[in-house]
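Student: Sharing a structure, written as structure tokens. Questions coming.
No value in this document is a laboratory result; all are computed from the given coordinates. All values derive from a computational prediction rather than experimental measurement. Note: ideal-geometry Cβ built from the backbone for every residue, glycine included; neighbour counts use all protein chains shown.
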Amino acid sequence: MALLGLLSQALVYLCFATIMGSFILAMIPEAKRPTIEVPKSALLAATSGIALFSFFPVFQILLYLVPNSGFGETLQSVLLTFEVGKAWLFTFIVSIILLLFISFFEVQANKLYASIGAALTFLLILSLGWSSHASSYNQLLGFVSDTVHFTAVTVWVGILIVISWFSKNHQSWANFLRWFTPVALVCFALTIVSGLLLMDIIVDDYTNSWPISYGQTLLLKHLLIIPLIVFAAINSLMIKKKVQIDESFNPLPWVKAESILMLLIFSVTAALGQQSPPRETEISSNNVSQLFRLVYQGQIQPNMQVQFAPNATAIMLAVVTLLFLALMIFSFIKKMPAIMTFVMGLFLVMSGYLSLMLSIQ
């Protein structure tokens, strides 16, 4: 059930990114982007996916409550009285409207239609923020922070996914980077600021949450952001110069590698959504992460406080992490395949994680 929940949440994020990216790129003049063809069937499937996969939290509640009362009565109660149920009902209605809109209008051929589609997608994002963990802790600040966070990520990732997987060529790439680079920078800044606000709402103490599953997952998400930044720098700065010098250079493999890394972050974020936030959670032998048990070298104590005392192994692994960071850039300079840089990024995350875990006493 947990795996099914993780998969459904990750697919919701992917559906949002695909739709939003398609609408945004449809509003951009063709001279400022490569030729893009997103099948209408893909947009319809993504819209349907939002309504279908976002139902899973409601389904979990139904499984818990239905044995105690009838299905019809329970469904009505969940949809009309639970915040997650009301949010999904709103999502379902807007998804149907968006589905009909995409079916009857050429949303990718008309900028006005594309802007209306983007507005409807934003309404769906508002619904997601309404039912988020952060909103349940702090209704206004949590809702705003989660909405800003997810909107920024959806715009950034959506454009990258659509441009990398649905482009027919890499023409006008320099023109594309001229407007996308500042957009990505703004989205990244909003993601960081809103992410810090969300952490403050959901997590009492960041490092002290590491022994439990939520903290472990959050740490892995943050570590994955490091190679993502390297890829973003390569794709926005180094490739821009490369394309200006050599017009035959194909940047799409590098953008695809960055989009895959972002999908990994989506999956980790989905895993966070399936776990109980660690706010006011006391560490005990019952809730410590199995991964933390495997790596941690000390003795696990109730309500333990995470303290850092780097040893020789941890320091060596930190150096290895920096080497993998350098190798990511070096592999691009030496014209290695994008997959090599991607693998170096994964090794960076692994060595960085081990370095931090082995520094804990």
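Student: Using the beta-carbon distance between residue 80 and residue 104 and R0 = 25 Å, what value does 1/(1 + (r/R0)^6) give for FRET efficiency, to the nearest 0.05?
Tutor: 0.25
Student: Say a paramagnetic label sat at a point 7 Å from the Cα of residue 89, along Cα to Cβ; which residues of region 50-77 have their backbone N under 11 Å from it?
Tutor: 75-77
Student: Taking a ≥ b ≥ c as the square roots of the eigenvalues of the Cα gyration tensor of region 52-145, is the shape rounded (a/c under 1.5), prolate (a/b larger than b/c) or oblate? Write down the numbers at each step before the final one.
Tutor: Working: a/c = 3.65, a/b = 1.64, b/c = 2.23.
It comes out oblate by the Cα gyration axes.
Student: If you line up the Cα atoms of the chain on their principal axes, what length do they span on each, largest first, in Å?
Tutor: 61, 61, 30
Student: By the scheme Lys and Arg +1, Asp and Glu -1, what is the net charge of all other residues having a beta-carbon under 14 Å from that of residue 192?
Tutor: Working: positive: 221; negative: 200.
Residues near residue 192 contribute 0 overall.
Student: For residue 119 and residue 329, what does the FRET efficiency come to when R0 = 56 Å and r is the distance between their Cβ atoms, rounded to the nearest 0.05?
Tutor: Details: r = 39 Å, r/R0 = 0.70.
Calculated value: 0.90.
Student: Hydropathy first: keep DSSP H helices in the chain averaging at least -1.0 on Kyte-Doolittle, then drop any whose Cα extent along the axis falls short of 18 Å, and list what survives.
Tutor: Those that pass (Cα extent of 18 Å or more, hydropathy at least -1.0) are 2-26, 40-53, 83-104, 111-130, 139-165, 173-202, 213-233, 252-273, 312-333, 338-357.
Student: Give a residue-ordered list of calculated ³J(HN,Hα) values for region 298-305 (Karplus: 6.51 cos²θ - 1.76 cosθ + 1.60, θ = phi - 60°; whole Hz; x for Gly, Pro).
Tutor: Values, residue by residue: x, 9, 7, 10, x, 6, 5, 9 Hz.
Student: Have a look at 167, 112, 219 and report the one farthest towards the positive end of the charge dipole of the chain, computed about the Cα centre with Cβ charges (Lys/Arg +1, Asp/Glu -1).
Tutor: 167
Student: So which lysines pass the test for residue 242, namely a Cα distance under 19 Å, with those fewer than 8 places away in the same chain ruled out?
Tutor: Within the straight-line cut-off, residue 242 pairs with 32, 256, 334, 335.
Student: Could I ask something else about it? Compute the relative contact order of the chain as a whole-number percentage, counting only Cα pairs closer than 8 Å that sit 6 or more residues apart in sequence. Mind showing how you got there, number by number?
Tutor: Values: 477 pairs, mean separation 70.1, N = 361.
Result for the chain is 19 percent.
Student: Using helices alone, I'd like the mean residue ellipticity at 222 nm for the chain: each DSSP H run of four-plus residues gives -39500 (n - 2.57), total over residue count, nearest 500. Please report the intermediate quantities before stating the final value.
Tutor: Numbers: 15 runs with 262 residues, N = 361.
Helices in the chain give a 222 nm mean residue ellipticity of -24500 deg cm²/dmol.
Student: With r as the distance between the Cβ atoms of residue 44 and residue 140 and R0 = 35 Å, compute the FRET efficiency 1/(1 + (r/R0)^6) and round to 0.05.
Tutor: Values: r = 35 Å, r/R0 = 0.99.
So the FRET efficiency works out to roughly 0.50.
Student: To the nearest 20 debye, what charge dipole does the chain have about its Cα centre, counting +1 at the Cβ of each Lys and Arg and -1 at the Cβ of each Asp and Glu? Each step should come with its number before you reach the end.
Tutor: Details: 16 positive and 14 negative charges, 219 e Å.
Dipole size: approximately 1060 debye.
Student: While we're on this one: By a straight-distance test (C-alpha under 19 Å), which lysines pair with residue 40 as possible cross-link partners, with residues fewer than eight away in the same chain excluded?
Tutor: 111, 168
Student: Would you mind putting 127-139, 39-51, 174-186 in packing order, based on average other-beta-carbon counts within 10 Å, highest first?
Tutor: Values: 127-139: 19.5, 39-51: 17.8, 174-186: 16.2.
Result, highest mean Cβ count within 10 Å first: 127-139, 39-51, 174-186.
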